[in-house]
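Read the structure below first, then the notes.
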There are 2 protein chains.
Amino acid sequence: MNELTISLDAQSSVPLYEQIYKYIKNDIQDGGLPFGKRLPSTRKLAKFLQISRTTVDMAYEQLVSEGYIEAVPYKGYYVCELEGLYRIRPGQPSGVSAKRPEQVSYAYDFSPNGVDLSSFPHNAWRKLSKAVLMEENRQLFGLGDPQGESELRGTIAAYLHQARGVSAKPEQIVIGAGNDFLLLFLCSMLGTGQKIAMESPTYRKAYDLFANLSNEVCIVGMDEAGMRIDELEKSGACLAYVMPSHQFPLGTVMPVGRRMQLLSWAEAAPERYIIEDDYDSEFRYKGKPIPSLQGYDRGERVIYIGTFSRSIAPAIRVSYMVLPKSLMQLYRERGRKISSTVSRVDQMIIAGFLNEGYYERHLNRMRAVYKGRHDALLEEMKAFRQIGHISGENAGVHILFTFTNGMTEMEAVQTAAREGVAVYGLSRYYVGSGKQAESSTILLGYANLSEEEIRNAARLLARAWL
Amino acid sequence: MNELTISLDAQSSVPLYEQIYKYIKNDIQDGGLPFGKRLPSTRKLAKFLQISRTTVDMAYEQLVSEGYIEAVPYKGYYVCELEGLYRIRPGQPSGVSAKRPEQVSYAYDFSPNGVDLSSFPHNAWRKLSKAVLMEENRQLFGLGDPQGESELRGTIAAYLHQARGVSAKPEQIVIGAGNDFLLLFLCSMLGTGQKIAMESPTYRKAYDLFANLSNEVCIVGMDEAGMRIDELEKSGACLAYVMPSHQFPLGTVMPVGRRMQLLSWAEAAPERYIIEDDYDSEFRYKGKPIPSLQGYDRGERVIYIGTFSRSIAPAIRVSYMVLPKSLMQLYRERGRKISSTVSRVDQMIIAGFLNEGYYERHLNRMRAVYKGRHDALLEEMKAFRQIGHISGENAGVHILFTFTNGMTEMEAVQTAAREGVAVYGLSRYYVGSGKQAESSTILLGYANLSEEEIRNAARLLARAWL
C-alpha cells in the first residue's frame, strides 16, 4: 500500500497532522488496515497529500507512541497487532442510575449528627485564609510532612494538654482528613486482620470500616460504666475501640475505675491497644469536661483520636491522632509512607485559628448555643415524662428518649415522620452480633435546630406520641 | 469522716469548687480516701469550710461524673473502687526522639518527585478562595457528599473526557485527598486480602500500601510494552495496577495492542479489575497526550485514578477516581460510608479553577516550563553519551540514565553527592520479589530546577562521572 485516500480539511481547527493520525487510527481500529500492513513512507504520503513531510512525521510518531504502528528500521512503518478479541470501538455507554433512596423532606430534623452551620466563624476563617495565601511562601505549596505541619502539631499538643489532659509531644501527633481516614490509616499501619473489640450500639462507620478491612470485630457487652472488662478479656481482642468521655450513641461516661481496669487490660499484653475516640468532648453542659483516658495512660497503650469537624464544621476535614510512644517506630516504618491528606493551606489556617484565640471563643460560643438548645429540649421533653425517660443528657448534641409505654422505636419514628419530624431509632447503631431485635429508644439531636424550632417540633411530637 | 481539711484560696483564679474537686480527687488517687469511705455531706462540708453548699455540690457532681465517688440515695457520697493495680499518678514522660535520618543538603536536587513551586497560580487561587468564602453559603460548611461535590465531579468528568479520553459520568467519580488515600479507600471498598499484580520497579507507595493492608502483591514481569500478560495470567491476580500512559519510574508507554490484551484479561473473569494510575499524563513533550486505557474499556473493568497534586501543587490534596459502572453498587453499599476527605471549600476552589479556564492556562504554562527544562537537560546529557544512554524522555518530569561504562547506581549517586548533586537510583523503586541485586540506572528529575540550575548541575555531574 502506497497511499491513503485521506480527505484533509485545511480550514479545520484540527491540525492536519491530527487529521491524518485520526484517519489511520480509525482505519486500524476498523480493520481496514490489518496487522502487518505496511504504511506508505512519510515521503510518499506527503507528496500524495501535497503537504509537508514534517506533518506526516508527526502523525506517524503519535501512532507509534500509542502503539498502533511500529517503525522497522530501513523498511518502513507497519500496523501492529492489536488484541483481536477486544472490541476497540466505542460502545454506547449505558446509563448509571444513582438509585439514591428517596429523600423525604422534614419540617424538623433531630439528626444526631447535626452541627449548627450558621455559627461558622466566617470572618475569622476568611481573614486567616487570606493571610495564609498572602504569604507568597512557595514552600507552602510543596508536599509537606506526611505527619502534618509541625506548627499545627505543636498547637494541637498544647491545646490537648490544656483542654483534654492529653499528654502528647508534637512528634506523636498525626494530622488527617477526618476520623474515617485516620481509622483507615491506623488499620493500614497496624496491619489488617486484627481482632477489634467494640461496644454495641457504637459509631457505625468505625464498625463498617474495621469489618471492610478484614478485621475481626467482636462485640463486647456494656454495663452502666461502659465496655465490660471481663467480656473484653474473654474476647481475645487486641484492640479496644471506646469513647470513654461520651459514648456514642448512649452518652455513657466511663468512670475512672473502669478506665483503670481498661488500661490494666491493655498493659497485660504487649500487642494490646485502646483506641480512644474523643469525638465530641468539647460539649459538656454540667461541670468540667471529663478528662481523656489518654491522660491516665502510663503504659503507652492509648491511641487518641479527635477532630475539628464537629467543633468547627463538618466541611473542615481535619482530625488528629496521638500515637503512644510504643507505636512511633511502627509509624516511622509504615505510616510515614502515606502522604498527608490535608492541604498545608488548611493546616496553617487551623493553626492560626487555634493560636490566635478564635477557637476558644468559637467553642465558648457554641457551648452557649448548644446549651440553650439542650435546655429548651429538656424543658419540652417534660411533657413526655409519663411515656418514657431521658438519658445521655449532660454532654454532646443529642439526648436519648426511651419509651416505657410499649411504643416501639419504629412506631415512634413513623408517627413522628407523619407529623414532619425526623427522629432516629437507636437500633441503627447496633452492630454485628450486638444487634437487638427490638428497641424502644430514639435519639434526638438538637445541634441544627434553633430553640424556637425545638419548641415547634416538640408540639408536633406531642401530637404524634401523646 | 465528717470533714476534710482543705485549705481554700479565695484569691485564686481557680474557682472554689474546682479547688475542692481537685483536693478530693488527689486524696482518692493517693489512697488517702480509700474505697468505700464515706465523704462528709455537702451541708456539713459547706458549713465547715464556710462556703455555699452549691459550691460543694458542684465539686461532688464533677467527682461523680468522672467516677471517683458515687451518690447512694439517702446515705451520702462514697469513694468508688479504682483498679488497684493501675498507677494513676502521672509519671515522667520519657522523651520521644524522632530519629529522622540526617538531612544532607544538596546544591542541586534532581528529585523525580519535584514540582515547580514557583509556578503556583497564587493570584487565581487567592481570587477563587476569596470568592468561595465570600458566598456566605452556610451549606458550604456542612458535611457534603461523601463522593465529592457534584459540581466538581461534573467539571472533572468533562475535563477527563476532553483531555484524557476518559468516559465517565459524574456519578462514577469519587473525590479524595490524594492518590494514597484513594488506594487505601479502594482497598477498604474491595476488601483486603486481594491478589494484586504489580510491575517492578513501580510506584513504591502503592506497593507498600497494598502490602500493609494484607493484600498479596505478586510481581509480574515487564517487557518494552509494559506488564506481560502471560505472566499476569499465570499469577492468579484479580487486580492489576498499571500506569499505561507513562509507567513510573521507567517511562514506558503501553502500546494499544498490549492495552487490548490487558482489557481482554480483565474481561475473562468477573472479579478482575485494572487500576489505571494516570498520575502525570498532563506532561508530554512529543505529539499529543497518550489517551487513557479507561477510554478503551467496554467491559467496565478499569478503575481510573488521577490527581491535581502533580499538575497544580503537591499541597493541593485533591485526587479523583473513576469507578467502572460494575463497581457502583459496591460503592453505594460500602464506599459511601466513608466521609469525604476534601473540604468543600477546596473542592469549590478547584471547580472554579477548572471552569474558569485557569487550569488549562496553568497546564499550558507548566508544559512550556517543563519542556524548557527537559530540553536543557537532554542537551547537557549529550556530554555523557560515551558512558551511558537516556530513556523515558518524552513525558513526565524525569529521565533515566543508564551507565554502560560499568559504573553502578550506588557509585553514581555517591560521586554526585560529593559534588553536591542529588540523583536517585532506580533500585529504590524495585519492590517485593522484583528486587534486583544491582542497577546501573539513575533518575534525573528536572521539575524543580531552573534551566540555569540544570546547566550548573550538569557541570558538577561531569566532574563526578567523566
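The set of residues in region B:28-83 that are more than 14 Å from chain A (Cβ to nearest Cβ), over 25 Å from A:D223 (Cα atoms) and part of a loop (DSSP other than H, G, I, E, B) comprises B:G32, B:L39, B:P40, B:S41, B:Q50, B:I51, B:S52.
Yes or no: B:E271 surrounded by fewer than 24 Cβ atoms within 10 Å (Cβ to Cβ) and not in a helix (DSSP H, G or I)? It would help to see each step written out before you state the result.
Numbers: surrounded by fewer than 24 Cβ atoms within 10 Å (Cβ to Cβ): yes; not in a helix (DSSP H, G or I): yes.
Judged against the criteria, B:E271 is a match.
Can you go through A:R334, A:R272 and tell me which one is touching a helix residue (DSSP H, G or I) at 6+ places or on another chain (Cβ under 7 Å), in contact (Cβ under 8 Å) with a residue 40 or more places away in the chain and among the basic types (K, R)? Quick ask: steps written out before the conclusion?
Details: A:R272 fails: in contact (Cβ under 8 Å) with a residue 40 or more places away in the chain.
Matching residue, one of A:R334, A:R272: A:R334.
Residue count for region B:158-197 satisfying the condition of being buried (at least 18 other Cβ atoms within 10 Å of the Cβ), of a type in the set (A, V, I, L, M) and free of Cβ contacts under 8 Å to residues at least 24 places away in the same chain: 0.
Quick one: is B:E393 modelled with pLDDT of 95 or more and closer than 25 Å to B:E282 by Cβ?
Details: modelled with pLDDT of 95 or more: no; closer than 25 Å to B:E282 by Cβ: yes.
No: the conditions fail for B:E393.
Taking the conditions (1) closer than 17 Å to A:G148 by Cβ; (2) surrounded by 22 or more Cβ atoms within 10 Å (Cβ to Cβ) in turn, A:L327 satisfies each one other than (2).
Give the residue that is surrounded by the fewest Cβ atoms within 10 Å (Cβ to Cβ), with candidates limited to residues of region B:393-426 that are in contact with a Leu (Cβ under 8 Å, 6 or more places away or on another chain) and of a type outside the set (A, V, I, L, M, F, W, C).
Of all residues in region B:393-426, those in contact with a Leu (Cβ under 8 Å, 6 or more places away or on another chain) come to B:393, B:398-401, B:409, B:416, B:419-421, B:423-426.
From the residues that got through so far, the ones that are of a type outside the set (A, V, I, L, M, F, W, C) too are B:393, B:398, B:409, B:419-420, B:424-425.
On the way: B:E393: 18, B:H398: 25, B:E409: 22, B:E419: 17, B:G420: 15, B:Y424: 23, B:G425: 18.
Per the stated criteria, the residue is B:G420.
Kindly indicate whether A:I390 is crowded, with 19+ Cβ neighbours inside 10 Å and among the hydrophobic types (A, V, I, L, M, F, W, C). Lay out the reasoning, then the answer.
Values: crowded, with 19+ Cβ neighbours inside 10 Å: no; among the hydrophobic types (A, V, I, L, M, F, W, C): yes.
So A:I390 does not fit the description; no.
Close contacts from region B:275-296, counting a first residue that is more than 14 Å from every other protein chain (Cβ to nearest Cβ) and a second that is in a loop (DSSP other than H, G, I, E, B) and of a type in the set (S, T, N, Q), with Cβ to Cβ under 7 Å and a gap of 6+ residues or different chains, come to B:E276/B:S292; B:D278/B:S245; B:D278/B:S292; B:E282/B:S311. Do the conditions hold for B:E233, that is, is it more than 22 Å from A:I28 (Cβ to Cβ), facing chain A (nearest Cβ under 10 Å) and touching a residue at least 24 places away in the same chain (Cβ under 8 Å)? So B:E233 does not fit the description; no.
Just one of the listed residues (B:Y359, B:Y370, B:Y320) is modelled with pLDDT of 95 or more and crowded, with 19+ Cβ neighbours inside 10 Å, and it is B:Y320. Could you tell me which residue of region B:118-159 is farthest from the other protein chains (Cβ to nearest Cβ), considering only residues that are hydrophobic (A, V, I, L, M, F, W, C) and in contact with a strand residue (DSSP E or B) (Cβ under 7 Å, 6 or more places away or on another chain)? Checking each candidate, the answer is B:I156. Of the residues A:F353, A:F384, the single one that is crowded, with 16+ Cβ neighbours inside 10 Å, closer than 20 Å to A:S309 by Cβ and in contact (Cβ under 8 Å) with a residue 60 or more places away in the chain is A:F353.
Yes/no matrix, rows are residues, columns are (1) within 13 Å of chain B (Cβ to nearest Cβ); (2) within 17 Å of the chain's Cα centre (by Cα); (3) hydroxyl-bearing (S, T, Y); (4) more than 30 Å from B:Q347 (Cβ to Cβ):
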residue: A:V166; (1), (2), (3), (4): yes, no, no, yes
residue: A:N179; (1), (2), (3), (4): yes, yes, no, no
residue: A:L184; (1), (2), (3), (4): yes, yes, no, no
residue: A:G193; (1), (2), (3), (4): yes, no, no, yes
residue: A:L213; (1), (2), (3), (4): yes, yes, no, no
residue: A:V217; (1), (2), (3), (4): no, no, no, yes
residue: A:A225; (1), (2), (3), (4): yes, no, no, yes
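Number of residues in region A:314-372 that are within 13 Å of another protein chain (Cβ to nearest Cβ), of a type in the set (A, V, I, L, M, F, W, C) and under 30 Å from A:E267 (Cα atoms) equals 6.
Evaluate the following for B:R385: is it at negative phi, among the charged types (D, E, K, R) and within 13 Å of another protein chain (Cβ to nearest Cβ)?
Values: at negative phi: yes; among the charged types (D, E, K, R): yes; within 13 Å of another protein chain (Cβ to nearest Cβ): no.
No; evaluated as a whole, the condition is false for this residue.
Candidates B:R259, B:R204: the one that is crowded, with 23+ Cβ neighbours inside 10 Å, among the charged types (D, E, K, R) and more than 7 Å from chain A (Cβ to nearest Cβ) is B:R259. Residue check: B:H374 meets all listed conditions (1) without any contact (Cβ under 8 Å) to a residue 12 or more places away in the chain; (2) more than 15 Å from B:I312 (Cβ to Cβ); (3) of a type outside the set (G, A, S) but one, namely (1).
The values are calculated or read from the model by the stated rules, or taken from the named source; none is laboratory data. Because the structure is predicted, anything quoted here is derived from the model rather than measured. Every residue, glycine among them, receives a Cβ derived from its backbone with ideal geometry; neighbour counts consider all protein chains shown.
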